[in-house]
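Heads up, the thing below is written out as structure tokens.
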Amino acid sequence: MIETIGLLAAILTTGCYIPQALHVVRSRNTGGISLLAYSTLFTGIALWFIYGLFIHDMPLILANGITLPLVGLIIAMKIRHK
């Protein structure tokens, strides 16, 4: 049951970045995105991913392993299309 709750949380929190990443890629509009906020978020996600690897927690690994490149893409687009 706890694993299911974790997986559901992972799906929801990871899924929320998909529309943002698609919007940024399609529109090339990053004006409303804070580079500092997304850089801090990226660092936190990377640390959660590493933590998940150490404790062998699949929801943490999956959620952060998918979210990390999505947030990284948004950061890359922000830097490229300032």
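Candidates in the range 57-69 are the residues that are modelled with pLDDT under 95 and of a type in the set (A, V, I, L, M, F, W, C); of these, the one that is least open to solvent (accessible area, probe 1.4 Å) is A63. So which pairs qualify, if the first residue must be in the range 37-56 and open to solvent by less than 50 Å² (accessible area, probe 1.4 Å), the second must be polar (S, T, N, Q), the Cβ gap must be under 7 Å, and the two must be at least 6 apart or on different chains? Matching pairs, first to second residue: I45/N64; I45/T67; G52/N64.
So that you can scan it fast, the table gives a plain yes or no per residue for (1) of a type in the set (S, T, N, Q); (2) assigned to a helix (DSSP H, G or I):
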site: V25; (1), (2): no, yes
site: T30; (1), (2): yes, no
site: I33; (1), (2): no, no
site: F54; (1), (2): no, yes
site: G65; (1), (2): no, yes
site: L73; (1), (2): no, yes
site: A76; (1), (2): no, yes
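The values are calculated or read from the model by the stated rules, or taken from the named source; none is laboratory data. All figures in this text were calculated on a predicted structure; none of them were measured in a lab. Cβ coordinates were reconstructed from backbone atoms using ideal geometry, including for glycine residues, and neighbour counts include every protein chain displayed. Areas reflect the complete protein model, heavy atoms only, side chains present, ligands, DNA and RNA absent. Shrake-Rupley method; radii C 1.70, N 1.55, O 1.52, S 1.80 Å.
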